[in-house]
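Chemist: Here it is, the structure, as structure tokens.
No value in this document is a laboratory result; all are computed from the given coordinates. No experiment lies behind these values; they were computed from the predicted model shown. Here the Cβ positions follow ideal geometry from the backbone for every residue, glycine too, while neighbour counts run over all protein chains shown.
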């Protein structure tokens, strides 16, 4: 529950609470059976009850931060100096600082936006410049300077080939010249200039858009499931009492098929990324838009700013408190879920929330929407594995979140705040319990180039999210797909041919290529409460480093490939590739009695060449070309070789690199 790299006040309060919690209330708490009962029990204790002298949370108050026009003006002046020196990137950063810190009810905000729009125009970010101009005009920009902004707007539209809009901007600007402080002679000259520009724009034809942008089809599930739209139609969810829900392929699924494209309802950006990435969509921000009220978050667009209002209206004053608490991302996700819904919607679901349903999504006719609160709420939480000490810690965290919400407008419409606080606290506790086994990391790649995958690419965590459809899948140390993030969405693409009737598994962050079987099983048992017995574990597949060094040699000391067993070309039975320490050039099958010659019957050279070519295409972002080669190689491997084999592993890693470089979150950085 505690953030690994961020200290805070909650551990201190929690330890104090544990010290003063006597054995009798501990026993009474341990006997409770529901989350609401647990929260109610804690909220009624004198040291956690609002208004009591012993209240451990008594000093909590909203912390939106303070806008600072003086600081904004300093940043704007520094930006001006950089701009006039031709240092436009530096100027953009400084202007963004001015925008971020300015009070939006004053002209400091509009002046910072206007200056940044000039910088964005120089950098070729015309749409962003137009957006900033519009915002400046709506926020007290001096009337005597408006004509300059409208001229800039016209120039940006002209650069975009939107000549009709450019003409309107120049015509509109001509009318505002009258309010300027220029001499009459200069005003008349400018009016004529603007009219001439407007007439020129009217005579031009808009730029042709015949060259349509290539469809990012891998971002979409081309054949979505009718009842689970985030997943492919050939994925079916099953349920067994001791296994829970899991996915089965209804039909053969080719390599390279998009299996999931899922948007989360619960997502949270890491605090350290709240100044560089959008709070709502997680994308890297080029020109920051701040929250009007707090100084802790920013947005990439007006759309994201508006959409975030649903939850940020409650989080705005307490987000800093939550950051300073030292709690980990699970509490952020739980708060986001409750804040997104609001008290009214949660109370409307009260009867349905009271009944747990861990079979949602099972069968053909069960509706399962990733954006339905109930799908997340009903994910497995493994309550039976939670220790008494952990119950105390998690309930304490839920109580802290309730107390935070009590100092926001969240309960303003409540007729009984005490009763509603217990109800909401129970929901928060359930969401906290859901998080450990169902949340996914959201990442971006820091890279010096955007058109290919290099060794300098570094994967960096930027947040977390719960994907209710993806969360239904079981784990394998050799998963059936690779995934990447686009914003806060997740995209999953099959990395092999998946046969009809086969279980489709994901990976819980423990690939067989990177950790030994014992290491994987230890972590999975501790965090997910099961011992893995997937094929890679039962056969104890080697690490990637071992696969690379485990090279089969023929009698002439020639390298062949990396694998352990090959298949009889007559009946498909597995044959050992090694006889003690040397490769078996040929082997007699014990099933059919026929001989398979490793060099003549198994196309090893073709497999190696196809794998190499496929990987080369993938790391250059050439998806279609790489996939054609990869599929051909995988078919040969399926026919002739028993896994694991390095050549297929390399292709799968290539698929992962390609989807990240082509569709995933990228942040260009200098190394």
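Chemist: Counting pairs of alpha carbon atoms under 8 Å apart in space and at least six apart in sequence, what relative contact order in percent does region 132-277 give?
Modeler: That works out to 16 percent.
Chemist: Quick check: from the Cα gyration tensor, does region 69-203 come out rounded (a/c under 1.5), prolate or oblate?
Modeler: Taking the square roots of the gyration eigenvalues as a ≥ b ≥ c, region 69-203 is prolate.
Chemist: Summing -39500 (n - 2.57) over the DSSP H runs of n ≥ 4 in the chain and dividing by its residue number, what mean residue ellipticity at 222 nm do you reach, to the nearest 500 deg cm²/dmol?
Modeler: -14500 deg cm²/dmol
Chemist: Report the full-extension gain for the segment residue 372 to residue 199: residue separation times 0.36 nm, less the Cα-Cα distance, to one decimal in nm.
Modeler: Fully extending the segment from residue 372 to residue 199 adds 57.1 nm.
Chemist: Starting from 0.36 nm per residue, how many nanometres of slack lie between residue 441 and residue 50 once their C-alpha separation is accounted for? Write out the running numbers ahead of the final one.
Modeler: Values: separation 391, 0.36 × 391 = 140.76 nm, distance 3.50 nm.
Roughly 137.3 nm would be gained on extension.
Chemist: Pairs of alpha-carbon atoms within less than 8 angstrom and 6+ residues apart define the contacts here; what relative contact order does region 69-203 have, in percent?
Modeler: Computed value for region 69-203: 17 percent relative contact order.
Chemist: For residue 586 and residue 59, FRET efficiency with R0 = 56 Å and r from the beta-carbon atoms, rounded to 0.05?
Modeler: Working: r = 79 Å, r/R0 = 1.42.
After rounding to 0.05, the efficiency reads 0.10.
Chemist: Further question on the same structure: Which angle from 0 to 90°, rounded to the nearest 10, does the C-alpha axis of helix 88-101 make with the longest principal axis of the chain?
Modeler: 70 degrees
Chemist: I need to check one value: relative contact order of region 2-147, counting alpha carbon pairs closer than 8 Å and at least 6 residues apart, in percent.
Modeler: 14 percent.
Chemist: Starting from the Cα of residue 600, step 7 Å along the direction of its Cβ; do the same at residue 105; then give the gap between the two resulting points in nm.
Modeler: According to this spin-label approximation, the distance is 9.0 nm.
Chemist: Let me ask another. Given 0.36 nm per residue, what is the gain on full extension from residue 529 to residue 16 after removing their alpha carbon distance, in nm?
Modeler: Taking 0.36 nm per residue and subtracting the Cα distance, the gain is 181.7 nm.
Chemist: Using a/c under 1.5 as the rounded threshold, could you call the chain rounded, prolate or oblate? The axes a ≥ b ≥ c are square roots of the C-alpha gyration tensor eigenvalues, and prolate needs a/b larger than b/c, oblate otherwise. Walk me through the numbers before you get to the answer.
Modeler: Numbers: a/c = 2.39, a/b = 1.26, b/c = 1.90.
Oblate.
Chemist: Then there's this: Would you mind classifying region 422-504 by shape? Square roots of the alpha carbon gyration tensor eigenvalues, ordered a ≥ b ≥ c; an a/c under 1.5 is rounded, otherwise it is prolate if a/b is larger than b/c and oblate if not.
Modeler: Oblate.
Chemist: If you fit an axis through the alpha-carbon atoms of helix 329-348 and take the longest principal axis of the Cα set of the chain, what angle between them do you get, 0 to 90°, nearest 10?
Modeler: The answer is roughly 70 degrees.
Chemist: Between residue 543 and residue 181, what FRET efficiency follows from the Cβ-Cβ distance if R0 is 56 Å, with the result rounded to 0.05?
Modeler: 0.15
Chemist: Sticking with this one: If you line up the long axis of helix 10-20 against the longest principal axis of the chain, both from Cα atoms, how many degrees apart are they, to the nearest 10?
Modeler: In the chain, helix 10-20 runs at an angle near 70 degrees to the longest axis.
Chemist: Just to verify a number: FRET efficiency for residue 380 and residue 192, C-beta to C-beta distance, R0 = 56 Å, to 0.05? Show your work: numbers first, answer last.
Modeler: On the way: r = 72 Å, r/R0 = 1.29.
Taking R0 as 56 Å, the efficiency between residue 380 and residue 192 is 0.20.
Chemist: Also, I was wondering about something else. For region 288-439, max minus min Cα coordinate along each principal axis, in Å, sorted largest first?
Modeler: 44, 39, 32
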